[in-house]
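The values are calculated or read from the model by the stated rules, or taken from the named source; none is laboratory data. All of these numbers come straight from a predicted model, not from anything done at the bench. Positions of Cβ are backbone-derived with ideal geometry, glycine not excepted, and every protein chain shown enters the neighbour counts. Only protein heavy atoms, including side chains, enter the accessible area calculation; ligands, DNA and RNA are left aside. Shrake-Rupley method; radii C 1.70, N 1.55, O 1.52, S 1.80 Å.
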Amino acid sequence: MTDQSPPRALITGITGQDGSYLAELLLDKGYEVHGIIRRSASFNTGRIDHIYQDPHDRGIRLKLHYGDLSDSASLMRLLQDIDPREVYNLGAQSHVRVSFDQPEYTADVVGTGTLRLLEAIRNQQDRSGSKIRFYQASSSEMFGKVQEVPQRETTPFHPRSPYGCAKVCAHWMTVNYRESYDMHASCGILFNHESPRRGETFVTRKITRAVGRIKLGLQKKLFLGNLDAKRDWGFAGDYVEAMWLMLQQPDPDDYVIATGEMISVRKFCELCFAEVGLDPEDFIEVDPRYFRPAEVAELLGDPSKAKEKLNWTPKTNVEELAKMMVETDLELAKREKTLTDAGHSVSAPMND
C-alpha cells in the first residue's frame with residue numbers, strides 16, 4: 001500500500017446495524033472498506049445496498065468478501081489478501097434471547113470466533129511486519145447482574161446469558177492478546193444502541209415496527225416480555241464514531257460507550273406510542289414466552305472515560321431516537337398498507 005492509498009479497514013458483521021453505520025463513517029473519512037459476509041441462499045446486504053448506489057465513489061471503495069468467524073482458514077486468507085490497517089469485529093449472534101436457544105453456536109461465533117480473528121491478525125502481523133489496530137465489540141450484557149450502578153470499565157462482570165458469557169470470553173481474549181503480543185487491541189463496552197436499521201426481533205425495533213402497523217390498522221396487539229427492564233439506550237450512528245476514535249488513540253484501552261441515562265421498556269413504549277397519538281395500554285400484552293431464563297434488571301453506563309479521553313459524547317437522546325425510529329417505521333407501514341390494499345401479500349414482522 002503506497003502513501004497515496006486510502007487507509008484500509010476490515011469489518012466483520014458489516015451487514016448488521018453497526019456494520020452499516022461504521023462502513024458509512026469510514027467511507028466518508030476516505031477509507032477503503034472491506035466487509036466479511038457469510039455465504040447463504042439469499043443476500044442479506046439490505047443495510048448497505050444504498051452505498052453501492054451512491055453517485056460518488058463510496059461504492060467503489062466498499063468491497064465484500066465471503067468468510068466466517070467459525071472458519072479460521074478463511075480469516076487467515078482474508079487478512080493476508082486484504083492486509084488492513086484496522087479491523088473491527090462486529091460479527092456475532094447478537095440476540096440475547098436466541099442465545100439461550102443456541103448457546104453452543106453463540107459461544108463459538110462470539111467467543112471462539114474472536115479468538116480465531118485475533119490469531120489471524122497476530123499471524124498477519126508476524127508475516128507482514130505491519131501493525132494492525134483491532135476493535136472488539138464488547139457488550140453491556142457482560143455486566144448482567146450488575147455489581148454497581150452505573151457500570152464503568154472497572155465494574156466486575158456477571159453475565160446472565162450465553163451471549164453475555166461469550167462476550168466476556170471475547171473481551172478477555174482481546175485484553176490477553178493486547179498484553180501478551182503488544183497488539184493495539186481495544187474493547188468498546190457498548191450499551192444498548194438502536195436505530196431504524198435495528199433487526200425487527202430486537203425489542204426497540206419490535207416496538208416501533210408495531211406502532212406503525214397498529215396506527216395504520218395492520219396489527220392489533222404488541223406482545224412483549226419484561227416491561228420493567230431498564231436500559232441505557234443510544235443511537236447506533238453515534239456509537240460507531242466511538243469505535244473509530246478508539247483506534248485513533250496512541251495506546252489501546254477499553255471504554256464504556258453509553259448515554260448515562262436509563263429508562264424502562266415500558267417508558268420507551270410510551271415515548272413511541274405518543275408519537276402517533278396512541279395509548280400503549282390499549283395495545284400491549286405481556287407474554288411470558290418473551291421473558292429470559294435469567295433476566296437482567298437494569299443497565300446504566302458511565303461514559304466519563306470516553307468523554308475525557310476520546311472527546312466523545314452521544315448526540316442523540318432517547319426521545320429523539322424513539323421519534324426517528326417511529327417515523328421510519330410509520331413510512332414502512334404506509335408502504336406495507338399500500339401493497340396490502342392492492343392485494344399483494346406482505347410478510348408481517350417476526351414476533352421473537
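For the stretch 172-202, backbone nitrogen atoms closer than 20 Å to the point 7 Å from D126 Cα along Cα-to-C-beta are found at 173-185.
Taking amide H atoms as placed 1.01 Å from N in the peptide plane, the amide H of L190 lies under 5 Å from those of S138, S139, S140, I257, each 5 or more residues away in sequence or on another chain. Magnitude of the charge dipole for the stretch 6-92, about its Cα centre and with charges confined to Cβ atoms of Lys, Arg (+1) and Asp, Glu (-1), is about 100 debye.
Heavy-atom accessible area, probed at 1.4 angstrom with all protein chains present, ranks T12, T201, T112 as T112, T201, T12, highest first. Shape class for the stretch 101-191: oblate, because the ratio a/c of the largest to smallest gyration tensor axis (alpha-carbon atoms, square roots of eigenvalues) is 1.5 or more and b/c is at least a/b. The calculated 222 nm mean residue ellipticity attributable to helices in the chain amounts to -11500 deg cm²/dmol, summing -39500 (n - 2.57) over DSSP H runs of n ≥ 4 and dividing by all residues.
Relative protection proxy for 126-133, 323-330, 306-313, from highest mean packing down: 323-330, 306-313, 126-133 (other beta-carbon atoms within 10 angstrom).
Under 19 Å from a label point set 7 Å out along the Cα-to-Cβ vector of K221, the amide N atoms of the stretch 291-316 belong to 291-292. Dipole magnitude for the stretch 233-352: about 240 debye, using +1 per Lys or Arg Cβ and -1 per Asp or Glu Cβ, origin at the Cα centre.
Of the chymotrypsin sites (Phe, Trp or Tyr not before Pro) in the stretch 1-99, the ones in a loop by DSSP (not H, G, I, E or B) with at most 12 other beta carbons within 10 Å are F43. Solvent-accessible area assigned to carbon and sulfur over the chain amounts to 48 percent, based on a 1.4 Å probe.
Both radii were evaluated on the Cα set of the stretch 138-203; the Rg over Rh quotient, with Rh as the Kirkwood radius, amounts to 1.03. In the stretch 138-277, taking the dipole from charged Cβ atoms about the Cα centre, the farthest positive-side position among T174, H193, T155 is held by H193. With the convex hull drawn around the C-alpha atoms of the chain, the volume per residue stands at 141 Å³. Eigen-decomposition of the gyration tensor built on the alpha-carbon atoms of the stretch 61-104 gives equivalent ellipsoid semi-axes of 26, 13, 9 angstrom, largest listed first.
Gaussian network model of the chain, Cα springs within a sub-10 Å range: biggest mean-square fluctuation belongs to which of S74, S161, S180? In this elastic network of the chain, the residue with the biggest mean-square fluctuation among S74, S161, S180 is S180. Assuming charge only on the beta carbon of Lys and Arg (+1) and of Asp and Glu (-1), the dipole of the chain about its Cα centre is about 500 debye to the nearest 20.
Each residue of the stretch 244-352 gets 177 Å³ once the volume of the Cα convex hull is shared out per residue. Between 0 and 90 degrees, the angle of helix 236-247 with respect to the longest Cα principal axis of the chain falls at about 10 degrees. What shape does the stretch 54-213 take by its C-alpha gyration tensor, where a ≥ b ≥ c are the square roots of the eigenvalues and a/c under 1.5 counts as rounded, a/b above b/c as prolate, and the rest as oblate? Verdict is oblate for the stretch 54-213.
Relative contact order of the chain: 16 percent, from C-alpha pairs under 8 Å at least 6 residues apart in sequence. Any idea what angle helix 265-274 forms with the longest principal axis of the chain, computed on alpha-carbon atoms, 0 to 90 degrees, nearest 10? Long axis of 265-274 versus the principal axis of the chain: about 60 degrees. Helix 17-28 and the longest principal axis of the C-alpha atoms of the chain enclose an angle of approximately 50°.
Which of T114, T45, T340 moves the most in a Gaussian network model of the chain with Cα springs under 10 Å? Taking springs between Cα atoms under 10 Å, the residue moving most is T340.
Probing with 1.4 Å while keeping every protein chain in the model, the per residue accessible area of the chain equals 45 Å². In the stretch 79-153, one over the average inverse separation of all distinct C-alpha pairs is 14.3 Å, which is the Kirkwood hydrodynamic radius. In this structure, the residue pairs whose Cα-Cα separation is over 29 Å, taken from K206/K307; K267/K334; K63/K309; K206/K309; K63/K334; K167/K309, are K206/K307; K63/K309; K206/K309; K63/K334.
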